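What follows is calculated from the coordinates using simple rules that are stated; it is not laboratory data. The structure displayed is predicted, hence computed values, not measured ones. No Cβ is skipped: glycine too gets one built from the backbone with ideal geometry, and neighbour counts run over all protein chains shown.
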Amino acid sequence: MEMNIEAIVKQVLAEMQGTPGATVAPKQAGVIPKTSKAAMLTALENYEIKEFPIPELGDDDILVKVEGCGVCGTDAHEFKRDPFGLIPLVLGHEGTGEIVKMGKNVKKDSAGKPLTIGDKVVTCMIFKDNPDITMFDLNKQNVGGADVYGLLPDDDIHLNGWFADYLVIRGGSTVFNVSDLDLESRILIEPSAVLIHAVERAKSTGILRFNSRVAVQGCGPIGLICIAILKTMGVQNIVAIDGEQKRLDFAKELGASATVNFKDFQGIEALTDGVKAAFGGYLADFAFQCTGSPIAHANIYKFIRNGGGLCELGFFINGGDATINPHFDICSKEITTVGSWVYTLRDYATTFDFLKGAKAIGLPIHKLITHKFPLSQINEAHITNLKMEGLKIAIINE
Ligand SMILES: NC(=O)c1ccc[n+]([C@@H]2O[C@H](COP(=O)([O-])OP(=O)(O)OC[C@H]3O[C@@H](n4cnc5c(N)ncnc54)[C@H](O)[C@@H]3O)[C@@H](O)[C@H]2O)c1
Ligand SMILES: [Zn+2]
């Protein structure tokens, strides 16, 4: 009985701390500094750590203390070339952190889950108003504006990218409460959403089933996450194809049943036989193309059985033309192909489930993050990323 009362008092106290007092707004935890560090890309291949004031929060805004952020291919592109002339800007869109302060109107995340101080969150660059459109929209309805963090410059506060100590999430942005995921899983949300989308596109063909033989070509982060998603879905027969043995070995840890190193084979016929042998004498029912190589695109049709399916997702950017034979590769084989680009908002929710499911069946997806750097070493982090020595490079704040 005594124990019960103690527990009740503790619970009431905890609730009081989490409940906004009528006169105290915005809600706040701990001591928040007046300024925050942010890594601003000020010239090609040059981030500078700058100090910006943390602004007063509006009633709909959220202040997040950043815990970490993945380095993405688009960050590498911007760091090396600045193709759209965006410098100076604060990058980092694969970030996550803890809510330390929020305006009085903030009650729920974009999925309707309650939000409170201490919750771990991520942002998403897809507008919540229209979950069905992807980034590729000619009217640019869903790119730019207040909703985008770590991709575009802003003209005022600069705490709008995750390569920083604090991030200001403005009212109306897409934000998700992901407190039930660990830090590594949260950093992997954005790249994983790309594959959740690709698998959804693949399922739309009606060919990809849990008992399908599935080939995944390319074992960079994209192909590897694809394998982990297939495994988490219950697909048992997955053949991974790459030229890097270390990546192929990791593909096995993430769920591939067999691997094919294309460097062991001379010519496409021998390679096709290699893939067939890896499936125990069968071609693939379905294949995912996860490289940016036009030759790899041309090759993959040979690995697919008559009536099979293909999801091409390896060309986020223009990688040039591929030569295929429409008669042999598509028409006479009756191949169903789908393309996949970025993701929708709905894919985010599925991604959270995938990350939990992967952990539950013991897939070591956290090992995808091969290098961790503090914010002060953001230039080194990007240089390591460009050298392509690891898989996912992440900034982990101290
Ligand atoms: N659809 C999307 O929205 C989307 C999003 C992000 C990335 N991508 C694309 O996905 C691709 C993969 O991304 P990543 O980060 O994993 O890149 P990555 O460069 O780390 O991995 C590519 C892998 O493909 C392998 N490869 C190259 N040529 C091959 C061949 N002929 N046969 C088999 N394997 C071969 C490489 O050895 C490498 O391991 C990129 O081209 C990227 O543009 C697409
Ligand atoms: Zn990304």
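Summarising the overall dimensions of region 41-94 from its C-alpha atoms, the Rg and Dmax are 13.5, 38 angstrom. Other residues whose C-beta falls under 10 angstrom from the C-beta of Gly171 contribute a net charge of -2, scoring Lys and Arg +1 and Asp and Glu -1. Each of Arg213, Arg201, Arg81 has some number of other Cβ atoms within 10 Å of its Cβ, and from fewest to most they run Arg81, Arg201, Arg213. Once you reduce region 360-388 and region 318-335 to the center of their Cα atoms, the two points are 36 Å from each other. Our compactness index for the chain, the C-alpha radius of gyration over the empirical 2.2 N^0.38 Å, is 1.07. Annotation: the residues Ile330, Ile317, sorted from fewest to most other C-beta atoms within 10 Å of their own C-beta, follow the order Ile317, Ile330. Ordering of 340-348, 175-183 by packing is 340-348, 175-183, highest average first (other Cβ atoms within 10 Å, averaged per residue).
Working ranking of peptides 219-229, 98-108 by packing, defined as the average number of other Cβ atoms within 10 Å per residue, highest first, is 219-229, 98-108.
When each of the peptides 161-168, 297-304 is scored by how many other beta carbons lie within 10 Å of its residues on average, the order from highest to lowest is 161-168, 297-304.
Its Cα centre serving as origin, the chain has a Cβ charge dipole (Lys and Arg +1, Asp and Glu -1) of approximately 860 debye. Ellipticity at 222 nm from helices only: DSSP H runs of n ≥ 4 in the chain, each -39500 (n - 2.57), divided by the residue count, give -8500 deg cm²/dmol. Rounded to two decimals, the Cα radius of gyration of region 195-339 over 2.2 N^0.38 Å is 0.92. Between 0 and 90 degrees, the angle of helix 189-203 with respect to the longest Cα principal axis of the chain falls at about 40 degrees.
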